[in-house]
Amino acid sequence: MTARRLWAATRKGLFLVEEGAGGFRIAATRFLGDHATMVLADRRDGAVYAALEHGHFGAKLHRSDDRGGTFREIAAPKYPTQPEGEVEAKNWTTGQPIQWKLRKVWSLETAGDDRPGALWAGTIPGGLFLSKDRGASWEIVEPLWRHPDRKRWFGGGEPEPGIHSIVVDPRNSRRVFVAVSCGGVWLTEDGGETWTCRADGMRAEYMPPEQQRDPVIQDPHRMVACAAAPDVLWCQHHNGVFRSTDGAKSWQEITQVNPSVFGFAVGVHPRDPDLAWLVPAIKDEKRIPVDGKVVVARTRDGAKTFDILRNGLPQEHAYDLVFRHGLDVHPDGDAVAVGSTTGSLWITGDRGETWQTVSEHLPPVYCVRWE
Amino acid sequence: MPRVVFTANLQRHVSCPPSVVPGRTVREALDAVFASNERARGYVLDDQGELRTNMAVFVDGEMLRDRRGLSDAVGESAEIHVMQALSGG
């Protein structure tokens with residue numbers, strides 16, 4: 001069996017974790033000291049993509065063609081020229097109109113096995129970009145950017161809205177879901193030409209009563225789909241956990257997650273749509289683990305019941321929070337990685353029964369991705 | 001012709017040696033530098049061609065006034081310093 005490899009994107013660089021005889025260990029660092037917001041290992045051609053956010057110098061993308069040995073800079077997504085007088089939505093914290101400028105690459109996904117070299121990138125503020133040439137150039141998806149409802153999106157954890165989840169239907173790569181904080185879930189079935197909001201059933205207690213069911217203002221924190229059954233989608237939402245079994249035509253709220261329904265990350269097994277992992281925390285103004293104990297909640301029966309997994313995870317005065325890209329499920333469906341804001345990285349090889357601590361001293365972890 | 005000097009902190013990401021270039025405004029002078037160093041453009045200017053929020057430009061010691069259009073005039077022997085604003089103390 002090929003040794004499993006994981007990339008972690010952190011506040012201070014990329015970390016490569018490799019499996020060996022003694023378990024998983026950090027094997028290499030890249031971009032040490034730089035703020036890495038996203039990483040993607042492209043299983044079609046072996047490339048590794050890294051998104052950086054230099055405070056002064058802007059957001060950049062790099063690609064490695066030797067499995068992470070060396071990286072070189074590629075093009076970053078570029079917003080179209082903002083027309084004079086264009087009335088824009090407001091930045092949530094400053095009250096100033098949003099500017100058409102790249103702030104962060106927040107999600108990166110491959111665009112389908114039938115489209116080699118094609119990539120999707122989700123950005124802040126609220127952009128979706130397509131590259132057909134392995135990141136040498138990017139084009140904004142105009143129909144979504146110009147959609148009138150796009151200006152109803154607003155910031156959540158970030159002051160401006162952003163696309164953090166991109167799900168490509170493995171049966172048809174022209175069918176793509178994106179999830180937006182805060183702007184609901186959107187689906188195109190024609191490769192990006194037309195878009196419809198697909199968040200019916202989601203609920204937002206943080207809005208006035210008459211707007212709580214409005215699909216366009218929902219705050220999905222993270223959305224994933226089962227590769228073998230892509231009509232089953234799981235969503236960790238600001239307001240709780242939601243699941244769809246009909247391709248996001250409708251969403252059902254899941255209230256029986258212990259110890260809490262709040263969190264950011266969610267992962268689903270690649271072949272079993274009923275098997276999913278969550279990392280619960282106290283909602284939402286506290287955002288710490290319940291009772292200072294880090295646990296993973298796992299369901300094996302489509303959310304009817306949840307196991308609380310804690311074997312190997314810290315159970316005393318642990319205040320780790322796992323952000324939306326901080327959990328990833330290996331294609332084998334057995335290994336799951338979890339990285340936290342306080343620099344802990346845990347990996348299980350048995351679906352969560354036991355966890356290995358890879359490190360408790362990393363920089364804040366934003367994203368973990370298996371090769 | 002004006003001389004353009006870039007902050008040493010930028011050199012870690014993209015090489016930007018001092019350049020003597022033609023230009024009557026900051027925009028013209030920077031465009032002249034970036035014509036042969038396109039990668040550097042994206043580190044100094046944003047998507048809309050404006051000076052990045054946390055960057056600073058000084059012309060003969062005076063801070064740039066027009067951060068959007070970069071229309072500040074530069075003299076024949078001006079020194080243009082492209083710096084980064086301090087952050088985090």
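What the table below lists for this structure:
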read-out: For the pair A and B, total buried accessible area rounded to nearest 100 Å², probe 1.4 Å; value: 1500 Å²
read-out: Per residue convex hull volume, Cα atoms of the stretch A:35-183, in Å³; value: 110 Å³
read-out: Heavy-atom accessible surface of the protein assembly as shown: percent carbon and sulfur, 1.4 Å; value: 49 percent
read-out: Nitroxide proxy distance, nm - points 7 Å out along Cα→Cβ at A:ARG310 and A:VAL290; value: 1.0 nm
read-out: Where labels lie 7 Å past Cα in the beta-carbon direction, separation of A:LEU32 and A:THR255 in nm; value: 5.1 nm
read-out: Net charge of Cβ neighbours under 11 Å - reference B:ARG24; Lys, Arg +1; Asp, Glu -1; value: -2
read-out: Cα-Cα P(r), the protein assembly as shown, percent of pairs per 20 Å interval; value: 25, 55, 19, 2
read-out: Amide N proximity, the stretch A:315-355 versus A:ALA21 label position 7 Å along Cα-to-Cβ, cut-off under 13 Å; value: none
read-out: Of A:GLY302, A:TRP7, A:ALA36, farthest towards positive along the dipole that unit charges on Lys, Arg, Asp, Glu beta carbons give chain A; value: A:ALA36
read-out: Within-14-Å neighbourhood charge of B:LEU10 [Cβ basis; K, R +1; D, E -1]; value: +3
read-out: Å² per residue, accessible surface of chain A at 1.4 Å; value: 38 Å²
read-out: Minimum 30 Å² accessible area buried by the other protein chains, the stretch B:38-60 residues, probe 1.4 Å, relative to alone; value: B:ARG39, B:TYR43, B:ASP47, B:GLN48, B:ARG52, B:ASN54
read-out: Residue-count net charge about A:ASP169 - beta-carbon cut-off 11 Å; Lys, Arg +1, Asp, Glu -1; value: +1
read-out: Flagged links, alpha-carbon separation over 22 Å, of A:LYS249/A:LYS283; A:LYS151/A:LYS283; A:LYS104/A:LYS151; A:LYS12/A:LYS293; A:LYS78/A:LYS151; A:LYS60/A:LYS132; value: A:LYS249/A:LYS283; A:LYS151/A:LYS283; A:LYS12/A:LYS293
read-out: Calculated FRET efficiency for the pair A:THR93/A:ARG271, C-beta based, R₀ 45 Å, to 0.05; value: 0.60
read-out: Relative contact order of chain B, pairs being alpha-carbon contacts under 8 Å that are 6 or more residues apart, as %; value: 37 percent
read-out: GNM top mover of A:SER340, A:SER137, A:SER244 - chain A, alpha-carbon springs below 10 Å; value: A:SER137
read-out: Per residue Cα convex hull volume in Å³ - calculated over the stretch B:3-84; value: 81 Å³
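The values are calculated or read from the model by the stated rules, or taken from the named source; none is laboratory data. Please read all numbers here as calculations on a predicted model, not as lab measurements. Note that we place each Cβ from the backbone using ideal geometry, even for glycine, and neighbour counts take in every protein chain shown. Heads up: the accessible areas ignore ligands, DNA and RNA and are worked out on the full protein's heavy atoms, side chains in. Shrake-Rupley method; radii C 1.70, N 1.55, O 1.52, S 1.80 Å.
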